[in-house]
Amino acid sequence: MTDPHHVRRNNAHAAFQAFAEQRLASGHAPKGLEQAFAEVLEISPALWSMTKSGSRPMSDKLARQFEVRLGKPVGWMDEEREPHGLTQAEQHTMALALAAYRRTNAEGRRRLRALLKDFT
């Protein structure tokens, strides 16, 4: 069984991603999205930061608050979901990595792979 705190954190990330994409699509600047999301949730930006990083597990009370403020049904934060494709930011990052890989020599590719392994 998957750790419920991990499931909640993944769902919080997905909710933020949807929020950010909607805000960007409606013409809002990318700056301040984290703070705006925290305002929607009626929590401090610091609490949102700790929650999304996993340094503070999401309590039942906070999970229910996310659901209410995001218009989700009770229990939504606790349901494991499959990711829905790559986000625009992920696609952009992948395109950058692919371009870097293609533009460099063998040594550059080894360095790029080594750098990426540091993050796994």
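The values are calculated or read from the model by the stated rules, or taken from the named source; none is laboratory data. Note that this is a predicted model, so its numbers are computed, not measured. Every residue, glycine among them, receives a Cβ derived from its backbone with ideal geometry; neighbour counts consider all protein chains shown. In case anyone asks, the SASA skips ligands and DNA or RNA and just uses the protein heavy atoms, side chains included. Shrake-Rupley method; radii C 1.70, N 1.55, O 1.52, S 1.80 Å.
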If you count only protein heavy atoms with a 1.4 Å probe, what accessible area per residue comes out for segment 26-120, rounded to a whole Å²? 75
Each label sits 7 Å from Cα toward the beta-carbon; between Leu112 and Asp3 the label points are separated, in nm, by 3.2
Between Leu24 and Ala89, what is the spin-label point distance in nm, taking each point 7 Å from the Cα along the Cα→C-beta axis? 0.8
So for the chain, if I pair up every lysine 8 or more residues apart or on another chain, how many of those pairs have alpha-carbons under 20 Å apart? 4
Apply the Karplus curve 6.51 cos²θ - 1.76 cosθ + 1.60, θ = phi - 60°, to the phi angles in segment 35-41 and return the couplings in whole Hz, x for Gly and Pro. 5, 5, 5, 4, 5, 4, 7
Which three lengths, in whole Å and largest first, does the chain cover when its Cα atoms are put on their principal axes? 52, 40, 26
Within the chain, which is the longest segment that contains none of the GluC sites (Glu not before Pro) sitting in a DSSP loop with at most 16 other Cβ atoms within 10 Å? 1-41
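State which stretch of the chain is the longest one without any exposed trypsin sites (Lys or Arg not before Pro), exposure meaning a DSSP loop state and at most 10 other Cβ atoms within 10 Å. It would help to have the intermediate numbers written out before the result.
Working: sites that count: Lys31, Arg81.
The reported range is 32-80.
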Accessible-area composition of the chain, carbon plus sulfur, in percent [1.4 Å probe]: 56
How far apart, in nm, are two points set 7 Å out from the Cα along the Cα-to-Cβ line at Arg81 and at Phe119? 2.3
Just Ala12, Ala99, Ala20 to compare: in a GNM of the chain, with alpha carbon springs under 10 Å, which one fluctuates most? Ala99
Size of the dipole of the chain about the Cα centre, Lys and Arg at +1 and Asp and Glu at -1 on the beta carbon, nothing else charged, in debye to 20? 600
Where is the GNM fluctuation largest for the chain (alpha-carbon springs, 10 angstrom cutoff): Leu24, Leu41, Leu96? Leu96
Vicinal HN-Hα couplings computed from phi for segment 107-113 (Karplus, 6.51 cos²θ - 1.76 cosθ + 1.60; Hz; Gly/Pro x): 5, x, 5, 4, 5, 5, 4
